[in-house]
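A short worksheet on the structure shown next.
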Amino acid sequence: MRTNNLYKIFVLLICLSFTLCGFSQSRGLCGTYKIDTAALKKAKEFENNNRLNNSIQSTSFTIRVYFHILNCNDGSFSAATPAQITTEFNTLTAAYSSNNICFINAGYDNIYNSILDTNFNVNTSDPSLFNYYRVPNCINVFYPYKIKGTNSACSGTCGIGGISFSIPSTFCLVSRTNIAAAQTVAHEVGHCMGLLHTFDHSNGYEDINGSNSSTAGDLVTDTQADPYGYIGQNCYSTSSNGCTYTGYCTDPNGANNFSPPYSNLMTYWWAGNSITCYSSLALTNGQYIRVNSYLNTNSDLISCESPPSVTESGVSISSGYLMASAINTLSTSGTVSITGTAISLLGGNTVILEPGFDANPLAGGSTLIRLSQCSGAANFAIAEKLKSFSDDAANTLIAYPNPTSSTIHLAIKLVHNENKISVRVYDINMKAVKEISLENLLKGNNMVDIDLSKFSSGMYAVTMQGTDVLMRALIVLQK
Ligand SMILES: [Zn+2]
């Protein structure tokens with residue numbers, strides 16, 4: 001279900017919980033991925049050409065991410081709640097924040113598809129089944145209730161924790177079982193942005209002495225040799241507690257003094273036991289450089305990135321997508337009309353909606369105004385006298401000043417007398433925080449003041465509903 005009106009954009013859907021049956025709660029591991037060697041070559045060339053200047057790491061990125069909650073056809077076995085999606089987004093943001101890689105939450109939807117929710121098998125099912133649901137120009141993270149597939153860690157019974165089918169990629173899956181577990185969402189998005197497992201050996205086993213670290217293992221030089229991937233030698237299970245390597249496997253030179261990157265985001269050392277050995281997983285500098293190189297060279301990923309600033313103008317859509325975001329300021333100019341079933345995001349550190357902006361989507365459509373906090377305080381402004389979101393052309397509601405520090409004036413113009421109009425103020429969680437009734441309003445101009453001084457700073461929605469009238473406005477309280 002998508003939110004269907006502007007004033008519902010912050011609705012947190014309340015999901016019914018269902019009795020769980022038959023599915024293991026164990027955290028699973030990643031499914032097998034394919035490495036796009038052409039994309040890897042481009043990224044490594046970029047990296048080599050820019051290794052000696054610091055710009056490769058000082059570039060800022062703000063990447064749009066869209067989340068999908070899978071449900072069965074009848075709504076059962078919902079994989080996540082909206083609150084969990086918010087937490088997942090925050091986990092993702094935190095994992096990459098120290099290297100100027102930021103994300104903007106482009107929204108979420110619910111998908112009702114039993115096959116994808118509980119019956120998708122990474123060994124036998126076709127990943128292109130997800131394509132229909134992918135939102136363009138975003139990294140898409142899907143949350144199925146269960147991802148089936150071979151998982152050696154639990155003899156195949158616990159399923160797969162997450163998968164990015166290709167590296168790089170703009171979509172991945174995270175199983176319900178791995179929500180809030182070991183930063184799985186950041187791990188999978190790490191795959192999307194070009195990172196291999198530290199124990200990857202598709203290019204050969206890595207020497208402990210690091211001599212072949214750029215061409216073997218995960219192809220990143222500052223991640224130490226990780227014996228987890230020595231398939232067939234069962235090295236991982238010889239660790240005494242899953243948190244510290246105590247095995248006796250050897251590297252290609254016969255050395256056995258492994259000191260793997262236990263707390264790396266792209267390891268599996270967190271997995272396979274119920275103890276959280278390393279609560280905070282991180283990337284090495286080399287991995288960040290690799291990600292940055294992909295973000296500079298891979299056209300699919302580049303399509304998900306925000307420019308420094310952007311102005312949207314001359315937009316009039318009633319279907320499809322408008323995914324617009326800026327690292328700094330997103331502004332509208334002139335006509336930006338989003339109606340019908342269009343799904344849209346207007347995001348940035350500052351969002352300025354000028355007169356001419358009109359968002360009035362029908363059921364199935366949504367408009368999300370998202371302030372990212374990637375660089376300093378996020379801001380939102382509606383130009384004064386912005387015509388608000390009336391459902392008809394004749395009745396108008398103008399909220400001013402906007403932003404306000406305490407009282408908002410509502411200038412209401414009606415084409416008919418109205419016996420009663422209900423005015424409700426909603427907070428960002430769509431909880432009604434104030435409700436008043438206006439009675440015996442005459443056609444023409446009316447004025448109402450609403451005191452918001454007891455509320456904390458933030459974005460609020462005002463709705464005014466009467467027999468023939470439905471008008472809405474977004475207002476910003478800045479104390
Ligand atoms: Zn993985």
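What to note about this one:
- Failed condition for VAL141, given (1) β-branched (Val, Ile, Thr); (2) out of contact with any Phe, Trp or Tyr (no Cβ under 6 Å at 6 or more places or on another chain); (3) within 15 Å of ASN178 (Cβ to Cβ): (2)
- Residue in region 203-210 that is in the same structural domain as ASN121 (by TED's automatic domain parsing), in contact with a Gly (Cβ under 8 Å, 6 or more places away or on another chain) and either part of a loop (DSSP other than H, G, I, E, B) or not small (Gly, Ala, Ser) (or both) present: no
- Within region 261-278, considering residues that are under 24 Å from the mean Cα position of the chain (by Cα) and within 14 Å of the ligand (Cβ to nearest atom), the one modelled with the lowest pLDDT: ALA271
- Of all residues in region 312-327, those satisfying the criterion of being in a strand (DSSP E or B) and buried (at least 16 other Cβ atoms within 10 Å of the Cβ) are GLU312, VAL315, ILE317, TYR321, LEU322, MET323, ALA324, SER325.
- Residue match in region 59-82 (condition: at pLDDT below 90, more than 23 Å from the chain's Cα centre (by Cα) and β-branched (Val, Ile, Thr)): no
- Some residue of region 141-153 being surrounded by fewer than 23 Cβ atoms within 10 Å (Cβ to Cβ), within 16 Å of the ligand (Cβ to nearest atom) and part of a helix (DSSP H, G or I): yes
- Criterion: among the β-branched types (Val, Ile, Thr), over 30 Å from SER97 (Cα atoms), touching a Lys or Arg at 6+ places or on another chain (Cβ under 6 Å) and modelled with pLDDT of 80 or more - qualifying residue of VAL425, VAL433: VAL425
- Within region 423-450, the set of residues being part of a loop (DSSP other than H, G, I, E, B) and not charged (D, E, K, R) comprises ILE428, ASN429, MET430, LEU442.
- Verdict on LEU330 being touching a residue at least 60 places away in the same chain (Cβ under 8 Å), outside the structural domain of PRO168 (by TED's automatic domain parsing) and either assigned to a strand (DSSP E or B) or crowded, with 20+ Cβ neighbours inside 10 Å (or both): no
- Only residues that are away from the ligand (no atom under 16 Å from the Cβ) and out of contact with any Ser or Thr (no Cβ under 6 Å at 6 or more places or on another chain) were counted in region 207-223, giving 8.
- Taking the numbered list (1) surrounded by fewer than 19 Cβ atoms within 10 Å (Cβ to Cβ); (2) within 24 Å of SER169 (Cβ to Cβ); (3) touching a strand residue (DSSP E or B) at 6+ places or on another chain (Cβ under 7 Å) in turn, GLY75 passes all entries but (2).
- Residue count for region 110-131, restricted to those that are of a type in the set (D, E, K, R) and touching a strand residue (DSSP E or B) at 6+ places or on another chain (Cβ under 6 Å): 1
- Taking region 186-200 as the range and being more than 8 Å from the ligand (Cβ to nearest atom) and either of a type in the set (A, V, I, L, M, F, W, C) or out of contact with any Phe, Trp or Tyr (no Cβ under 7 Å at 6 or more places or on another chain) (or both) as the test, the residues that pass are ALA186, VAL189, CYS192, MET193, LEU195, LEU196, THR198, PHE199, ASP200.
- Across region 347-383, the number of residues qualifying as among the aliphatic types (A, V, I, L, M), within 25 Å of ILE302 (Cβ to Cβ) and touching a Leu at 6+ places or on another chain (Cβ under 6 Å) comes to 4.
- Cross-chain or 6+ apart pairs with Cβ under 7 Å, region 29-40 first and within 28 Å of ALA181 (Cβ to Cβ), then assigned to a helix (DSSP H, G or I) and near the ligand (Cβ under 8 Å from one of its atoms): TYR33/HIS191
- Put simply, of LEU173, LEU195 the only residue that is part of a loop (DSSP other than H, G, I, E, B) and at pLDDT 95 or above is LEU195.
The values are calculated or read from the model by the stated rules, or taken from the named source; none is laboratory data. Keep in mind it's a predicted model, so treat the numbers as computed, not measured. Cβ sites come from the backbone with ideal geometry, for glycine too, and all protein chains shown count toward neighbours.
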